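Below is one structure. I have some questions about it.
The values are calculated or read from the model by the stated rules, or taken from the named source; none is laboratory data. Values in this document were obtained by computation on a predicted structure and should not be read as measured data. Cβ: placed from backbone, ideal geometry, glycine included. Neighbour counts: every protein chain shown. Areas reflect the complete protein model, heavy atoms only, side chains present, ligands, DNA and RNA absent. Shrake-Rupley method; radii C 1.70, N 1.55, O 1.52, S 1.80 Å.
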Amino acid sequence: MFNYLERNMSEKLAAPATSLVKALDVLLALEQSPEGRGVTDIARALGLPKSAVHRLLVTFQACGFVQQQAETSRYSLGPVLARLGLRAADLFTPRRVARPHMEALAQEVGETIFLGVLCEESVLVIEKVEHNQVLRISPELGTTLPLRQTALGQVWLAFCPVAQREALLATLVAPESVIPTERLLAGLRPELSTIAQQGFAVSFETWMPDLCCLAVPVWNRRHALVAALAVAVPRSRMPQPQRHDPFAHGAPALQYPTLLPALLRTAAHISATIP
C-alpha cells in the first residue's frame with residue numbers, strides 16, 4: 001500500500017502543472033512579437049478564453065514579466081525577463097567559458113564567431129564575437145536557427161546521441177506529409193554520417209543569402225555535446241575547401257585551411273574547460 005501511494009505521489013509530482021503550462025504558453029506567445037500582441041490575438045492562437053489570458057497578462061505585468069503599450073494596449077515582454085535572461089546567460093557555463101577563446105579566434109581569423117546550443121527543435125545563438133570587418137553577416141544573439149539548413153544545426157544532428165537525433169529528425173518531417181519519413185530523410189542521413197566522420201559541418205547560403213559557415217562540436221569533460229562553435233563568413237571571403245600541398249606526400253589536403261584548424265583548436269580548448 002505504501003509503495004502504491006509513494007509511486008502515485010511521485011507520478012503526480014512528475015506531471016506538469018496544467019495551469020502553469022498555460023501561463024508559460026502565454027508568455028512564450030510574446031517571444032517573437034517585439035511590436036506586442038493583444039489579448040484576443042493570444043487567446044485565439046492558444047485556444048484559451050480571453051478572460052483567462054487577460055488575468056495571466058495582468059499578473060505577469062504586476063511582476064514585471066510583461067509590459068503593456070500605452071498607445072496600442074498590446075502586451076510585450078518586460079524588463080524583469082530581460083534581467084533574468086541576461087543573468088542566466090552570464091551564469092551559463094559554455095557561454096562564460098567560451099567567450100575569451102572566441103575573442104582570440106575572431107582576432108586570429110578576422111571573422112565573426114558564434115556559439116549555439118540546442119533549444120527545443122532549433123539551435124539558439126547564445127554568444128557572438130564580431131571582428132572589425134566592414135562586411136560581416138551573422139545571426140543576432142537570441143536567434144533560433146533551423147537544424148537542417150545551418151552548419152550549427154547539422155553539427156547537433158550529426159553528433160548528438162542516437163535517440164535524440166531520431167527525435168530531432170522526426171521534427172523535420174511535416175505532419176501532413178504522405179511520404180514516409182525514412183524516404184524523406186534518406187538523403188540527410190549520409191550527410192550526417194559524413195559530418196560525423198570529418199568532424200565539422202559547412203553551409204553555403206542555405207539559410208541566409210551570402211552567409212557561409214563552418215561549425216564544429218563543443219563537448220564537456222564527460223564527452224557530452226554541450227554546444228556548437230561556428231565561424232560566419234560572407235560568400236565573397238569564403239576560402240576554397242582544400243589546399244593542395246605538394247609536400248603532403250599523399251596525405252589528404254587540408255580542408256578550409258585558413259579557418260578550420262583554428263576553429264577545431266578553439267573548440268578543443270573550450271571543451272577541455274567545461275565540467
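Using 14 Å as the cut-off for backbone N distance, which residues of the range 28-53 belong to the label zone defined by a point 7 Å from the Cα of residue 82 along Cα→Cβ?
34-36
Next question. At a Förster radius of 25 Å, what calculated FRET efficiency corresponds to the Cβ-Cβ distance of residue 120 and residue 33, to the nearest 0.05?
With R0 = 25 Å, the Cβ-Cβ based efficiency is 0.90.
Please list, in chain and number order, the residues 5+ apart from residue 66 or on another chain whose amide H is under 5 Å from its amide H, with Hs placed from the backbone.
For residue 66, whose amide H was placed from the backbone, the distant partners under 5 Å are 61, 78.
Kindly write out, for the range 29-39 in residue order, the coupling ³J(HN,Hα) from the Karplus curve 6.51 cos²θ - 1.76 cosθ + 1.60 (θ = phi - 60°), rounded to whole Hz, with x marking Gly and Pro.
5, 8, 4, 9, 10, x, 7, x, 9, x, 4
Further question on the same structure: In terms of modelled amide H atoms, which long-range or inter-chain residues lie less than 5 Å from the amide H of residue 218?
Long-range HN contacts for residue 218: 226, 227, 228, 229.
Here is a follow-up. ³J(HN,Hα) across the range 219-229 via Karplus (A = 6.51, B = -1.76, C = 1.60, θ = phi - 60°), whole Hz, x for Gly/Pro?
These are the phi-based 3J(HN,Hα) values: 10, 9, 5, 8, 6, 9, 5, 10, 6, 10, 10 Hz.
Given a Förster distance of 30 angstrom, what is the FRET efficiency for residue 51 paired with residue 144, based on the Cβ-Cβ distance and rounded to 0.05?
Efficiency at R0 = 30 Å is approximately 0.45.
Then there is this: In angstroms, what radius of gyration and Dmax does the range 141-209 have, counting Cα atoms only?
For the range 141-209, the Cα radius of gyration and maximum Cα-Cα distance read 12.4, 36 Å.
Related question: Provide the per residue accessible area, probe 1.4 Å, for the range 19-74, rounded to a whole number of square angstrom.
That works out to 62 Å² per residue.
Related question: Simple spin-label model, 7 Å along Cα-to-Cβ: residue 19 to residue 163 in nm?
So the label points at residue 19 and residue 163 sit 3.3 nm apart.
So between residue 182 and residue 208, what do we pick up on full extension, going 0.36 nm a residue minus the alpha carbon distance?
Between residue 182 and residue 208, full extension yields an extra 6.6 nm.
Now for a separate question. Tell me, what ³J(HN,Hα) does each residue in the range 94-106 have, in order and in whole Hz, if you take phi through Karplus 6.51 cos²θ - 1.76 cosθ + 1.60 with θ = phi - 60° and put x for Gly and Pro?
Listing the rounded values in order: x, 5, 5, 5, 6, 3, x, 5, 5, 4, 5, 5, 4 Hz.
Going by average Cβ density within 10 Å per residue, which order do the peptides 71-83, 186-198 take, highest to lowest?
Output ranking for 71-83, 186-198: 71-83, 186-198.
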